[in-house]
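In what follows, a structure is listed as structure tokens, so that the remarks can point back to it.
The values are calculated or read from the model by the stated rules, or taken from the named source; none is laboratory data. All of these numbers come straight from a predicted model, not from anything done at the bench. Neighbour counts are summed over all protein chains in view; Cβ atoms, including those assigned to glycine, are modelled from backbone coordinates with ideal geometry.
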Amino acid sequence: MKPCFLVFAALCALLVSPLAHGAPAKKGSFMPEGFHELQIGDQAPDFELLGIDEEMHGLSEYAEAKYLMIAFISNHCPTSQAMEGRLKSLAKTYKSKGLKVVAINPNDPAALRPDELGYSQYNDSFPEMKRHAKEQDFNFPYLYDGETQKVALAYGCLATPHVFLFDRERKLRYQGRFDDSRFADPQTVTSNDAQNALDAMLAGAEITVPVTKPHGCSTKWISKRDQVTADNEKWEKGEVDVQLIDAKGVAELRKNDTKKVRLFNVWATWCGPCVKEFPELVATSRKFGLRDFEFISVSLDDPETVADVKAFLEKNNAIVPDKLKPSLKAEGRSGNAYIFNEANSDALIQALDPEWPGPIPHTLVVAPGGEVIFRHNGPVDGDELRAKILDHMGRFYVPESEPAVTAP
């Protein structure tokens, strides 16, 4: 976002009405100061927020709507992304019945660790909201509250997604989850909670379940930045274990008989393009640090220079994510950093990627079972690399396949 818009949005957010709605956060809770839980029957708190159309939007703008749904969503959260299609469908289907859907991103993008972005192409910043909404063809306003989070505090946003449904008088009639599925497939929904509440309102009937528990990714409050700082420090202070490996060892890793996607990179400390691209590889490792993913580096440095390779890797924070350590231990490995110890690199080429023309850096991404997802010779574009990996691994949680039943 341009600086002028950031300042403008921050000033306008001060116009949010006093947080006199609902109940304050309970003593000892992990909610930030000023957090209030809206109760059924409470009035919708006013707001003035910047939308992806670069215009300011307030509650009064939607006064003509019979029903108003405020949906707190985000770019990064897989549960939020999974329900976007269903939210768009609801907005379209019920528009003629008087419903207006307004989406708000409550998150501070600086309060997200890199590994919390492993299901998304984007963080939760305002510019990235624009790109995400365009790509997903949003048919509702998408507003940014991450600068001050005053609206999220006023409404009591616990997670993304978290929806609030108001009647014509803007009294809260339903709040909680959109539906009961965290998956993208509509067939996995067994309870359309928000839609059921809306149908009851349309019929003039009582809403039998006016409050449900939202499920998804917790709101990324500004106060969470300290946790991000602590995570960065952990990566900066981590140690790297460098081992020697031969062509046979590389071939075994290349088979990839695991559930992990493996990113291989062949490099050397004396290779300028390798050194320049390396931070992008580490950024990729951190992004997918909570998923079944592994970055394996194979250096062509002299095997006698283990200390130099180790120093370079530690300087560039190329440590093993905590989630990965149990799988490495199960495989009998102590790390994911290697130095190739054979004199002839032809053996390495045949073991890793026969289509590799020879020069370094060389990058190969392999799916479980050995299928090549991506290969590139020369410096890699980090965004392109991460997009290819994300395309394969997916933006949503998916149900695990049930084991096949063997006929008697």
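Per the listing ARG225, ARG291, the residue uniquely part of a loop (DSSP other than H, G, I, E, B), under 24 Å from the mean Cα position of the chain (by Cα) and touching a residue at least 60 places away in the same chain (Cβ under 8 Å) is ARG291.
Picking from residues in the range 218-249 that are among the hydrophobic types (A, V, I, L, M, F, W, C) and under 23 Å from ALA311 (Cα atoms), the one that is surrounded by the most Cβ atoms within 10 Å (Cβ to Cβ) is VAL242.
State whether the residues of the range 395-402 include one that is within 17 Å of LYS259 (Cβ to Cβ), in a helix (DSSP H, G or I) and in contact with a helix residue (DSSP H, G or I) (Cβ under 8 Å, 6 or more places away or on another chain). No, the conditions are met nowhere in the range 395-402. Just a yes or no: is a residue in the range 239-261 of a type in the set (A, V, I, L, M, F, W, C), within 23 Å of LEU87 (Cβ to Cβ), part of a loop (DSSP other than H, G, I, E, B) and touching a residue at least 12 places away in the same chain (Cβ under 8 Å)? So far as the range 239-261 goes, no, none of its residues is of a type in the set (A, V, I, L, M, F, W, C), within 23 Å of LEU87 (Cβ to Cβ), part of a loop (DSSP other than H, G, I, E, B) and touching a residue at least 12 places away in the same chain (Cβ under 8 Å). In the range 140-172, which residues are surrounded by 20 or more Cβ atoms within 10 Å (Cβ to Cβ) and among the basic types (Lys, Arg)? Answer for the range 140-172, where residues must be surrounded by 20 or more Cβ atoms within 10 Å (Cβ to Cβ) and among the basic types (Lys, Arg): just LYS150.
Counting just the residues of the range 196-217 that are out of contact with any Leu (no Cβ under 7 Å at 6 or more places or on another chain) and not in a loop (DSSP other than H, G, I, E, B), which one comes out surrounded by the most Cβ atoms within 10 Å (Cβ to Cβ)? That would be MET201. Summed over the range 318-356, the residues that are over 18 Å from CYS274 (Cα atoms) and either in a helix (DSSP H, G or I) or outside the structural domain of ARG375 (by TED's automatic domain parsing) (or both) give a count of 13.
Which residues, taken from the range 357-374, are buried (at least 21 other Cβ atoms within 10 Å of the Cβ) and not in a loop (DSSP other than H, G, I, E, B)? Residues satisfying the conditions are HIS362, THR363, LEU364, VAL365, VAL366.
If you check PRO210 against the conditions, is it within 30 Å of ARG173 (Cα to Cα), within 26 Å of the chain's Cα centre (by Cα) and outside the structural domain of ALA337 (by TED's automatic domain parsing)? Against the criterion (within 30 Å of ARG173 (Cα to Cα), within 26 Å of the chain's Cα centre (by Cα) and outside the structural domain of ALA337 (by TED's automatic domain parsing)), PRO210 does not qualify.
One residue stands out among those in the range 156-190 that are out of contact with any strand residue (DSSP E or B) (no Cβ under 9 Å at 6 or more places or on another chain) and β-branched (Val, Ile, Thr): the one that is farthest from ARG395 (Cα to Cα), which is THR190.
Residues that are in the same structural domain as LYS213 (by TED's automatic domain parsing) and of a type in the set (Phe, Trp, Tyr): which helices (runs of 4 or more DSSP H) entirely in the range 54-156 hold 1 or more of them?
126-136, 150-155
Checking each residue in the range 40-85 for being surrounded by fewer than 19 Cβ atoms within 10 Å (Cβ to Cβ) and among the charged types (D, E, K, R) picks out ASP46, ASP53, GLU54, GLU55, GLU61, GLU64, LYS66. Only residues that are under 33 Å from the mean Cα position of the chain (by Cα) and touching a residue at least 60 places away in the same chain (Cβ under 8 Å) were counted across the range 303-319, and they come to 7. Apart from one condition, ALA111 fits all of (1) touching a Lys or Arg at 6+ places or on another chain (Cβ under 8 Å); (2) closer than 20 Å to TYR397 by Cβ; the exception is (2). I'd like to know if the range 217-240 contains one or more residues that are assigned by TED's automatic domain parsing to the domain that holds PHE295, modelled with pLDDT of 95 or more and touching a strand residue (DSSP E or B) at 6+ places or on another chain (Cβ under 7 Å). The answer is yes; a qualifying residue exists.
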